[in-house]
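Chemist: Pasting in a structure now, in structure tokens, and then I'll have a few things to ask.
The values are calculated or read from the model by the stated rules, or taken from the named source; none is laboratory data. Everything quoted here is computed from the prediction, not taken from an experiment. Heads up, the Cβs are rebuilt from the backbone with ideal geometry, glycines too, and the neighbour counts pull from every protein chain shown. Please note that ligands, DNA and RNA were not included when accessible areas were found on the heavy atoms of the full protein model with its side chains. Shrake-Rupley method; radii C 1.70, N 1.55, O 1.52, S 1.80 Å.
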Amino acid sequence: MKKSLVLLLSLVFIASAILAGCGNSGNKANNTPANEGQGTTNNSGAGENQAKDDPFEITIRHTQVGESKKFRLAMLEDVVKQTEAAVPGLTIKLDAVDSEVNRKEKLRGEMAAGKPPEVFDVFGSPDAALYAKEGLMLDLTPIIEELGIKDTFTTLDPFTNEGKVYGLPIGGSIEGYFYNKEYFEQKGLTVPKTLSELEQIAEKIKADGKIPFAQSSKDAWIPLMTTNNLWSYYAGPEITYGFKTGQTKWTDDSMVQAIAKHKEWVEKGYYKKGELGFEYADMRNQIITGEAIIMMDGSWANSVFRDPEQAGDMVGKIGYFNMPPVNAGDPVVVMQDANNGYGFSNAVSEDPRKLAAVKEFIKNMWTEEMQLRGLKEDGVLPAMKMDLEQMKTASDDPLMQDIFKGVSEISTSFPAFDALVQAEVNTALSMGIQQIIGGEIEPAKMLENVQAAQEAANAAGE
């Protein structure tokens with residue numbers, strides 16, 4: 001097992017079980033690259049000794065778990081039915097796993113053993129590149145060229161390694177604030193244009209007996225959305241690109257200032273006490289019940305607020321705005337990426353029928369129809385190229401129109417920090433922000449710890 005993968009696995013606290021699988025991995029088959037231009041989307045390439053309609057199975061590992069992802073699951077199920085109908089003998093098994101568990105435990109263990117599912121939910125950068133370097137992911141370049149979709153994506157950068165594509169994004173997203181529009185109107189509040197104005201609004205909400213910002217911090221990635229956007233204003237979005245190369249440091253004064261701002265908001269009571277014990281769904285419920293007024297989240301969260309079964313009478317009363325800049329007139333910088341999607345095991349390249357099934361799945365999943373359906377039903381921004389007017393036509397929902405407006409206002413976009421730094425650094429940052437929230441550490445010391453993890457990862461050649 002190569003050094004980079006072993007280092008990644010060290011972050012999983014079930015290391016003994018994973019390393020046991022790693023010791024018996026036998027990756028010879030998985031190190032064979034996919035042959036370019038293999039077959040077509042029919043099943044004529046099946047082995048001579050196997051009838052093309054003999055039963056066979058592939059597994060799709062997905063993360064469409066829970067009520068908030070029911071629309072995405074329905075779309076996946078429809079694509080599965082299409083694919084099964086087009087490929088004789090095929091049965092597709094759906095394996096549902098929570099996103100964090102899949103990324104940080106399940107998939108890492110399977111990759112260590114050299115036995116991932118045929119299709120799996122995967123982050124592009126840095127995960128896909130690491131697994132691709134280990135020879136574990138199917139090179140999709142010839143497939144998407146054959147299907148004529150290679151140039152139809154907004155970006156494939158997160159899934160590209162050494163010029164080859166190893167995964168496909170399922171959708172795009174931005175991060176910003178959802179807010180109780182009805183409350184704002186009742187209190188005469190307007191969308192803030194600076195961070196200072198946002199803080200003034202937070203003080204008024206707090207004085208009214210409400211929670212200014214809904215937040216759940218049991219999983220560190222949730223509060224880190226706020227932190228990441230704050231430091232991209234105070235330090236500039238370009239700073240994150242330099243951590244891995246050593247050109248920039250986490251201990252920069254502007255980074256300390258950004259973390260201090262997040263700490264200040266916690267100490268001022270802008271978040272509900274006990275946030276370190278709250279699950280992801282809890283903060284959305286704070287908005288739905290009217291307990292809290294504003295919430296930082298990804299644009300994907302709109303599906304909850306547009307669903308009467310989940311949001312109740314709050315449907316139509318929730319709006320969206322980007323985190324405002326520090327100073328009036330400064331450029332608006334926003335996290336915007338397409339870093340979550342599906343990857344495919346390189347092992348399918350050795351089985352013509354499974355390879356044909358994968359091609360059929362890709363052909364059915366990545367279409368303009370499915371992208372527009374995802375936008376309309378689930379509020380997921382397209383990963384394939386569409387102009388703003390086309391998106392507006394697809395969904396006239398007021399909340400979606402607010403999100404489209406947010407997209408149009410972006411001066412500079414940047415990927416989420418965990419697409420740019422090593423897993424070890426992500427772990428140190430996650431621990432640090434939870435310590436900040438818990439009042440256990442000062443910003444400067446927290447960032448010293450993150451910088452130490454960064455230097456260790458850089459020295460290891462990660």
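Chemist: So THR226 fits all but one of (1) in a helix (DSSP H, G or I); (2) without any contact (Cβ under 8 Å) to a residue 24 or more places away in the chain; what number is the exception?
Modeler: (2)
Chemist: Ok, one more. Residues being surrounded by fewer than 22 Cβ atoms within 10 Å (Cβ to Cβ) and in contact (Cβ under 8 Å) with a residue 60 or more places away in the chain: count how many of those fall in the range 419-435.
Modeler: Going through the range 419-435 one residue at a time, the tally reaches 7.
Chemist: Tally time: how many residues in the range 304-321 are touching a residue at least 12 places away in the same chain (Cβ under 8 Å) and either buried (at least 23 other Cβ atoms within 10 Å of the Cβ) or not in a loop (DSSP other than H, G, I, E, B) (or both)?
Modeler: Summing the residues that are touching a residue at least 12 places away in the same chain (Cβ under 8 Å) and either buried (at least 23 other Cβ atoms within 10 Å of the Cβ) or not in a loop (DSSP other than H, G, I, E, B) (or both) in the range 304-321 gives 11.
Chemist: Consider the range 334-386. How many of its residues are in a loop (DSSP other than H, G, I, E, B), open to solvent by 10 Å² or more (accessible area, probe 1.4 Å), modelled with pLDDT of 95 or more and not acidic (Asp, Glu)?
Modeler: Qualifying residue count, the range 334-386: 1.
Chemist: Next up: Kindly indicate the residue of the range 242-266 that is over 25 Å from the mean Cα position of the chain (by Cα) and under 12 Å from LEU447 (Cβ atoms) and also surrounded by the fewest Cβ atoms within 10 Å (Cβ to Cβ) among those meeting that condition.
Modeler: ASP253
Chemist: Tally up the residues in the range 387-445 that are more than 20 Å from the chain's Cα centre (by Cα), assigned to a loop (DSSP other than H, G, I, E, B) and over 18 Å from ALA258 (Cα atoms), please.
Modeler: 6
Chemist: Across the range 274-298, which residue is surrounded by the most Cβ atoms within 10 Å (Cβ to Cβ) among those that are of a type in the set (Gly, Ala, Ser) and part of a helix (DSSP H, G or I)?
Modeler: Here the answer is ALA281.
Chemist: While we're looking at this one, here's another question. Scan the range 389-405 and tell me whether some residue there is open to solvent by less than 50 Å² (accessible area, probe 1.4 Å), in contact with a helix residue (DSSP H, G or I) (Cβ under 9 Å, 6 or more places away or on another chain) and more than 30 Å from MET314 (Cβ to Cβ).
Modeler: No; the residues of the range 389-405 include none that is open to solvent by less than 50 Å² (accessible area, probe 1.4 Å), in contact with a helix residue (DSSP H, G or I) (Cβ under 9 Å, 6 or more places away or on another chain) and more than 30 Å from MET314 (Cβ to Cβ).
Chemist: Go through the range 139-159 and give me each residue that's open to solvent by 50 Å² or more (accessible area, probe 1.4 Å) and either farther than 28 Å from PHE321 by Cα or touching a Ser or Thr at 6+ places or on another chain (Cβ under 8 Å) (or both).
Modeler: Correct list: GLU145, GLU146, GLY148, LYS150, ASP151, ASP157.
Chemist: Which of the residues belonging to the range 137-157 are closer than 19 Å to MET111 by Cα and either part of a helix (DSSP H, G or I) or under 21 Å from the mean Cα position of the chain (by Cα) (or both)?
Modeler: MET137, LEU138, LEU140 - these are the residues of the range 137-157 that are closer than 19 Å to MET111 by Cα and either part of a helix (DSSP H, G or I) or under 21 Å from the mean Cα position of the chain (by Cα) (or both).
Chemist: Residue check: is GLY163 within 26 Å of the chain's Cα centre (by Cα) and open to solvent by 10 Å² or more (accessible area, probe 1.4 Å)?
Modeler: The answer is yes for GLY163.
Here is a yes/no grid of residues against (1) within 30 Å of GLU369 (Cβ to Cβ); (2) in contact with a His (Cβ under 6 Å, 6 or more places away or on another chain); (3) of a type in the set (Gly, Ala, Ser):
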position: PHE159; (1), (2), (3): yes, no, no
position: LEU198; (1), (2), (3): no, no, no
position: GLY209; (1), (2), (3): no, no, yes
position: PHE213; (1), (2), (3): no, no, no
position: ASN229; (1), (2), (3): no, no, no
position: GLY242; (1), (2), (3): no, no, yes
position: ALA260; (1), (2), (3): no, no, yes
position: LYS263; (1), (2), (3): no, no, no
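Chemist: Test ALA301 against the stated conditions and say whether it is crowded, with 16+ Cβ neighbours inside 10 Å, under 15 Å from TYR177 (Cα atoms), in contact (Cβ under 8 Å) with a residue 12 or more places away in the chain and touching a strand residue (DSSP E or B) at 6+ places or on another chain (Cβ under 6 Å).
Modeler: In short, no.
Chemist: A follow-up question, please. Would you please name the residue that is farthest from VAL80 (Cα to Cα), looking only at residues in the range 322-333 that are surrounded by fewer than 20 Cβ atoms within 10 Å (Cβ to Cβ) and among the hydrophobic types (A, V, I, L, M, F, W, C)?
Modeler: Checked the range 322-333; the qualifying residue farthest from VAL80 (Cα to Cα) is ALA328.
Chemist: While we're looking at this one, here's another question. Can you find, within the range 66-117, the residue that is modelled with the lowest pLDDT among those that are acidic (Asp, Glu), open to solvent by less than 60 Å² (accessible area, probe 1.4 Å) and under 22 Å from the mean Cα position of the chain (by Cα)?
Modeler: The residue in question is GLU100.
Chemist: Could you list, in sequence order, all residues of the range 356-384 that are touching a strand residue (DSSP E or B) at 6+ places or on another chain (Cβ under 9 Å) and either among the charged types (D, E, K, R) or over 15 Å from MET75 (Cβ atoms) (or both)?
Modeler: Selection gives ALA356, ALA357, VAL358, GLU360, GLU368.
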